[in-house]
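Everything below concerns the one structure shown next.
The values are calculated or read from the model by the stated rules, or taken from the named source; none is laboratory data. None of these values were measured; they are calculated from a predicted model. Note that we place each Cβ from the backbone using ideal geometry, even for glycine, and neighbour counts take in every protein chain shown. Accessible surface is based on the protein model in full, side chains and every heavy atom, while ligands, DNA and RNA are left aside. Shrake-Rupley method; radii C 1.70, N 1.55, O 1.52, S 1.80 Å.
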Amino acid sequence: MRSGKIVNVYSRFIGVKYHKLHRPYLLSSIVRRLRVVSLQAVEMATVWSEKMLQLLRKMNNFHSPGSCRARCLRFMVADQQVGWILPQMAAILRNFPDVFDPPSDGALSLSSRLDTHSKRSEEVDRVLQSLRRGHALTCLKGWRDERYDVMARYCDAPLMSMERSATSLFGVRRYGVHINGFCRSADGGLRMWLARRSATKQTYAGRLDNLAAGGLAAGMGIGDTALKECEEEACIPAAIAVKARSVTTVSYTYEEEEGIFPESQFVFDLELPADFQPRVGDGEVQEFYFLPMDKVKELLVGGDFKPNCAMVVLDFLIRHSCIEPDTEPYYQEFVTGLHQTL
């Protein structure tokens, strides 16, 4: 924009006649005020970027220098690494020598006598039930009676299945499905549907979430899980939900006191009709919001989001050019942080 046009626009903004702005003192004042506004905008953008980067680093802290990774034992099943086990958990598992071999060469292996999917699943479940009765491990207090497949890679056949709440104790990768619900206005602008998690959820109660999301239970397909979560959580009819498009995965690994959380989320975008409104379904959500992307972006760094859901929304912002490399200094760091694999 030419300087004359800038001055003209600014003159309307402050209510001063354009011809008076040719006076030197007014012009210099305008320049100073424009410079202040510009610096404030840059500062706000930088604060947002740094907060977003902090969240990504926290969700990938297993990769950071000084993490527990160097102390962890590889968890091996049928000669394949499927996870990571903290030393304190390895010490507990020594009490079950019929199920777990003693640690060797930096690895802890499931006994080779357990040579089928069912044997492995049943014996590990027996160990977990015993630990659950002992009340020593906090994560097992959230027992869900929901099983996750355990395999080295998603494309591999499952070697066993395991109770969802115990997966972090063995550092096995958990998979989930997240659906971004959005609408496009007549001028091409985007608005997004967000959910607020129920106050009774076991984890991240009351925090902001994607339109629908859920873990990938043993034996369930990705597309079927997406349809199920859309219907159960947001009452989205199958005729609409089936239009969701698989677009990417978001992967990260973080550590907490009791375990390791390698996770991969299969992400779908679902463009909804302008007149559609999701409704609370199975009680895992208490409310839905329909927000412009500027507001969504603001909420991302406000501490109100479930962290991995914030990552899924960040990925949406990048893919839909709401964040661009010319204006976002941490663009590459964002992309890398959304796709970390072990």
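Any chance you could count how many residues in region 269-289 are part of a strand (DSSP E or B) and open to solvent by 20 Å² or more (accessible area, probe 1.4 Å)?
Going through region 269-289 one residue at a time, the tally reaches 5.
For region 61-92, which residues satisfy the criterion of being under 30 Å from residue 322 (Cβ atoms) and open to solvent by less than 10 Å² (accessible area, probe 1.4 Å)?
Result: 62, single match.
Applying the selection to region 217-243, what residues are under 12 Å from residue 270 (Cα atoms), out of contact with any Leu (no Cβ under 7 Å at 6 or more places or on another chain) and part of a loop (DSSP other than H, G, I, E, B)?
The one that is under 12 Å from residue 270 (Cα atoms), out of contact with any Leu (no Cβ under 7 Å at 6 or more places or on another chain) and part of a loop (DSSP other than H, G, I, E, B): 236.
How do the pairs read when you match residues in region 233-244 that are basic (Lys, Arg) with residues anywhere that are surrounded by 13 or more Cβ atoms within 10 Å (Cβ to Cβ) and not in a helix (DSSP H, G or I), using Cβ under 9 Å and keeping only pairs 6 or more apart or on different chains?
Every condition considered, the pairs that remain are 243/270; 243/271; 243/272.
Taking residue 114 and the conditions (1) open to solvent by 30 Å² or more (accessible area, probe 1.4 Å); (2) more than 21 Å from the chain's Cα centre (by Cα), which numbered condition does it fall short on, given that it satisfies the others?
All conditions are met except number (1).
Every residue in region 252-262 that is open to solvent by 10 Å² or more (accessible area, probe 1.4 Å) and either in a strand (DSSP E or B) or touching a Lys or Arg at 6+ places or on another chain (Cβ under 8 Å) (or both), please.
Answer for region 252-262, where residues must be open to solvent by 10 Å² or more (accessible area, probe 1.4 Å) and either in a strand (DSSP E or B) or touching a Lys or Arg at 6+ places or on another chain (Cβ under 8 Å) (or both): 254, 255, 256, 261.
Which of the following residues is at pLDDT 95 or above, over 21 Å from residue 259 (Cα atoms) and of a type in the set (D, E, K, R): 147, 207?
Of the residues listed, the single one that is at pLDDT 95 or above, over 21 Å from residue 259 (Cα atoms) and of a type in the set (D, E, K, R) is 207.
Quick one: in region 313-342, which of the residues that are free of Cβ contacts under 8 Å to residues at least 60 places away in the same chain and outside any loop (DSSP other than H, G, I, E, B) is least open to solvent (accessible area, probe 1.4 Å)?
Checking each candidate, the answer is 317.
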